[in-house]
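The values are calculated or read from the model by the stated rules, or taken from the named source; none is laboratory data. Computed from a prediction, not measured in an experiment: that's the story for all the values here. Quick reminder, even Gly has a Cβ in these numbers, built from the backbone with ideal geometry, and neighbours come from all protein chains shown. When the accessible area is computed, the model is the full protein with side chains, heavy atoms only, and any ligands, DNA or RNA have been set aside. Shrake-Rupley method; radii C 1.70, N 1.55, O 1.52, S 1.80 Å.
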Amino acid sequence: MEQSNNLRAICLLSGGLDSSTGLAIARTQGFSCYCLSFDYGQRHSIELAAAAAIAQRLGAVEQRVVKIDLRSFGGSALTADLAVPKDRDEQAMGAGIPITYVPARNTIFLAFALAYAETVSASDIFIGVNAIDYSGYPDCRPEFIAAFEDLANLATKAGVEGKSSFKIHTPLIRMTKADIVRKAVELGVDLSLTHSCYDPGPAGEACGRCDSCILRHKGFAEAGIADPIAR
């Protein structure tokens, strides 16, 4: 149900822990949330089912899925026939940009979110990027977000005409994974609906060994909370 104050926000929603928590935060801040997910040629569609379930559970006004084909370019273990790294420790994860980085993904996603925002008269975009417990992705850094926000206000009709001042919200950017888990629980996010694994099994079960699974496990363990989808 749409919030009575009619504040609107576009929420990028992958179906994972971070984006789901970001959506919940947007809701608690009084925004009516328009969720945007992507079928971009990723290794599996399980996360799209998770995103749909979370959007419904958290009361989004709507959820749109945009289909784009980033497999056309490849260059990532998520969009090409490349092995997903497994069983890496934190030092290995922090040593350079991993092969699971999808070239320009957040730039592309935010561009679509910006177009969506203009069409529904929203000035706010939420994205669940994190610069603390992350895998070295350059498009999760605060300086990238600040640069894109400047671009948003230069490159749009709404921005140029002064009808909107776009704001990119990154409520999780300085939080540890444990902090995110605690916040999700505090806000009542059904974590059993979320999906984080880069390389799930045929039934959608998490591999437990990729970087994303390892970071998720670390977050739940440090938060002292049981992960409802842990293997």
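Scanning for something closer than 20 Å to Thr107 by Cβ and either free of Cβ contacts under 8 Å to residues at least 60 places away in the same chain or of a type in the set (Gly, Ala, Ser) (or both), does the stretch 172-182 turn up at least one residue?
yes
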- line: Of the residues in the stretch 27-39 that are buried (at least 20 other Cβ atoms within 10 Å of the Cβ) and under 19 Å from Pro200 (Cβ atoms), the one that is nearest to the chain's Cα centre (by Cα) is Ser37
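Taking Ala113, is it open to solvent by 20 Å² or more (accessible area, probe 1.4 Å), closer than 23 Å to Val189 by Cβ, small (Gly, Ala, Ser) and touching a residue at least 12 places away in the same chain (Cβ under 8 Å)?
Spelling it out, it is not the case that Ala113 is open to solvent by 20 Å² or more (accessible area, probe 1.4 Å), closer than 23 Å to Val189 by Cβ, small (Gly, Ala, Ser) and touching a residue at least 12 places away in the same chain (Cβ under 8 Å).
Tell me, please, whether a residue that is open to solvent by 20 Å² or more (accessible area, probe 1.4 Å), over 27 Å from Val185 (Cβ atoms) and not acidic (Asp, Glu) can be found in the stretch 46-57.
no
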message: Being of a type outside the set (S, T, N, Q) and assigned to a loop (DSSP other than H, G, I, E, B) is true for just one of Gly15, Gly22. Which residue is that?
response: Gly15
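Filtering the stretch 125-140 down to residues that are surrounded by fewer than 17 Cβ atoms within 10 Å (Cβ to Cβ) and in a loop (DSSP other than H, G, I, E, B), which residue is modelled with the highest pLDDT?
If we take residues in the stretch 125-140 being surrounded by fewer than 17 Cβ atoms within 10 Å (Cβ to Cβ) and in a loop (DSSP other than H, G, I, E, B), then Ile132 is modelled with the highest pLDDT.
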field: Residue within the stretch 155-174 that is of a type in the set (Lys, Arg) and in contact with an Asp or Glu (Cβ under 8 Å, 6 or more places away or on another chain) present
entry: yes
Whichever residue in the stretch 59-84 is open to solvent by 30 Å² or more (accessible area, probe 1.4 Å) and either part of a loop (DSSP other than H, G, I, E, B) or at pLDDT below 95 (or both) and, among such residues, is nearest to Thr119 (Cα to Cα): Val61
- prompt: What do you reckon, is Ala122 in contact with a strand residue (DSSP E or B) (Cβ under 6 Å, 6 or more places away or on another chain), surrounded by 15 or more Cβ atoms within 10 Å (Cβ to Cβ) and either under 21 Å from Gly201 (Cβ atoms) or at pLDDT below 95 (or both)?
  reply: no
message: If I filter the stretch 89-110 for residues that are open to solvent by 30 Å² or more (accessible area, probe 1.4 Å), touching a residue at least 60 places away in the same chain (Cβ under 8 Å) and not in a helix (DSSP H, G or I), do I get at least one hit?
response: no
field: Every residue from the stretch 120-140 that is within 21 Å of Gly30 (Cβ to Cβ) and out of contact with any Cys (no Cβ under 7 Å at 6 or more places or on another chain)
entry: Val120, Ser121, Ala122, Ser123, Asp124, Ile125, Ile127, Gly128
- request: Looking only at the stretch 141-150, decide whether some residue is more than 19 Å from the chain's Cα centre (by Cα) and either over 22 Å from Ala178 (Cα atoms) or free of Cβ contacts under 8 Å to residues at least 24 places away in the same chain (or both).
  value: yes
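Could you pull out every one of the helices (runs of 4 or more DSSP H) wholly within the stretch 141-231 that has 3 or more residues that are open to solvent by less than 40 Å² (accessible area, probe 1.4 Å) and more than 24 Å from Gln29 (Cα to Cα)?
Correct list: 211-223.
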